[in-house]
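Let me begin by presenting the structure, written as structure tokens, before commenting on it.
Please treat every number below as a calculation from the coordinates, not as lab data. Quick caveat, the model's predicted, so the values are computed rather than measured. Cβ atoms come from the backbone with ideal geometry, glycine included; neighbour counts cover every protein chain shown.
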Amino acid sequence: MEFRFRRPRTLPRRRTLPTTRPDLDKLGRAVKDAMKGIVYADDGQVYEVRMRKSYAKDGEMEGVVVLAMSPEEAEHVQAAQWSIDPTGVAGA
């Protein structure tokens, strides 16, 4: 999951990461709860989660990008190849 936020205009350029609230764990919990019953029956089925917060770059949408795979699909993707491109399309 990647949570993309609008960069405040008053934020100094040297600050590149959103290290303020909302808390990353709480954001992830909210998304996992929202996916329950739609993507999986119970969040106990989730065996791996990768999360980060970033500022949306020019042309990027704000919001959350989620890549969800079944265990069968995940077997065919090596963890080092997972990536999320700026357009919001996940790929390997």
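Quick look at the numbers
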read-out: Low-density loop positions, GluC sites (Glu not before Pro), region 1-84 - DSSP coil, at most 14 other Cβ in 10 Å; value: Glu48, Glu62
read-out: All lysines inside 28 Å of Lys36 as judged from Cα atoms, apart from same-chain residues fewer than 8 positions distant; value: Lys26, Lys53
read-out: Pairwise label distance in nanometres, Ser70 with Leu17, each label 7 Å out on the Cα-Cβ vector; value: 3.6
read-out: Cross-link partners of Lys32 among aspartates and glutamates (Cα-Cα below 16 Å; sequence separation of 8 or more within a chain); value: Glu2, Asp23, Asp42, Asp43, Glu48
read-out: Proxy reagent accessibility, fewest Cβ within 10 Å first, across Asp25, Asp58, Asp43; value: Asp58, Asp25, Asp43
read-out: Met51-Asp33 pseudo-label distance in nm [points 7 Å out on the Cα-to-Cβ vector]; value: 1.2
read-out: C-alpha center-to-center spacing [region 35-61, region 1-27] in angstrom; value: 16
